[in-house]
1. If you scan the range 129-172, which residues turn out to be within 16 Å of the ligand (Cβ to nearest atom), over 16 Å from residue 109 (Cα atoms) and outside any loop (DSSP other than H, G, I, E, B)?
2. Cβ contacts < 6 Å: first residue in a loop (DSSP other than H, G, I, E, B), restricted to the range 74-85; second residue away from the ligand (no atom under 15 Å from the Cβ), any location; separation 6+ or different chain. Result?
3. For the range 111-128, give me the residue count where each residue is part of a strand (DSSP E or B) and within 13 Å of the ligand (Cβ to nearest atom).
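No lab work stands behind these numbers, since they all come straight from the coordinates. Computed from a predicted model, the values in this text were never measured in an experiment. Cβ placement follows ideal geometry from the backbone for every residue including glycine, while neighbour counts extend to all protein chains displayed.
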Ligand code: FES
């Protein structure tokens, strides 16, 4: 091999090595980019607060209910074994019932303790009212008495449906 042939050969080898390294870097950068594209989107967030909602009592005094997984209710309420059509909850000093309208467009939360003699009221979706099974008092979805014995309205609360990620919760707050 002449000196000229030797130099030409060395230049060829160096050029090939550079080409391999460059191609490798481009390939690595492409794969890295793909990896970053595939990263998970992160935890679901509350669209309003930017924070994921967790069921239970909140810092602002409201209560977030997961209707698909309500907390266990231990208290004994006299309902004459009628279907409550809602969820009984302890909320502050009150015991409340949270129910959804039959068309699924609205939620209602009122005190579950009848203002006549303290039985537990149940929701009647067909009549769209709360009713006391003990002596027949009826209350509108707003808690207002529509039929005695009871003379005083049930305390009502604001119940709003909230989405957090893929879940649907009901946020209950005292009325202002
Ligand atoms: S306790 Fe409810 S109507 Fe009497």
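1. Start the filter on the range 129-172 by keeping residues that are within 16 Å of the ligand (Cβ to nearest atom), which leaves 129-140, 143-155.
Now narrow it down to the ones that are over 16 Å from residue 109 (Cα atoms): 133-137, 146-152.
The answer is 146, 147.
2. Partner pairs satisfying both residue conditions: 85/99; 85/125.
3. Step one: list which residues in the range 111-128 are part of a strand (DSSP E or B), which gives 111, 113, 120, 122-124.
Filter once more, keeping what is within 13 Å of the ligand (Cβ to nearest atom): 111, 113, 120, 122.
Here the count works out to 4.
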